[in-house]
Amino acid sequence: MRSEDDARQEWERIKRKNADLLGTLSATPIRADLGEKGIYYRIQTGPVADQAAAERICSELKQRNVGCIIAR
């Protein structure tokens, strides 16, 4: 997202639509400087219990057409 506020709003939208997966997770907008593309904000959620749980959640989100990557 292009702003921190937009990232927060997007998290709320995604969380509402995927409450069964994300209901207990919190999120933080993370600033990402993409050089010539500009500044963007990514949504980082967690903590997740373990690697297997993170992979399961991310896989299910991808099946629902929600972008997801696991940050270690």
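A few comments on the model shown:
- Separation in nanometres of the label points that stand 7 Å from Cα toward Cβ, at ASP50 and ALA32: 2.8
- Amide H within-cut-off set for GLN44, under 5 Å, with H built and near neighbours excluded: THR28, ILE30
- Gain on full stretching of the segment that runs from ARG16 to LEU61 - 0.36 nm per residue minus C-alpha separation: 14.9 nm
- Surface accessible to a 1.4 Å probe, per residue, for the residues of the chain, Å²: 74
- For the chain, the longest principal axis of the C-alpha atoms and the axis of helix 51-63 are separated by about 70°.
- The fraction of accessible area contributed by carbon and sulfur in the chain is 47 percent, rounded to a whole number (1.4 Å probe; ligands and nucleic acids excluded).
- Think of it as helices only: each DSSP H run of n ≥ 4 in the chain is worth -39500 (n - 2.57), and spread over all residues that comes to -13000 deg cm²/dmol at 222 nm.
- With the convex hull drawn around the C-alpha atoms of the chain, the volume per residue stands at 90 Å³.
The values are calculated or read from the model by the stated rules, or taken from the named source; none is laboratory data. Model, not experiment: these values are computed from the prediction. For neighbour counting, all protein chains shown are included, and Cβ atoms are generated from backbone atoms with ideal geometry for every residue, glycine included. For accessibility, only protein heavy atoms count, side chains too; no ligands or nucleic acids. Shrake-Rupley method; radii C 1.70, N 1.55, O 1.52, S 1.80 Å.
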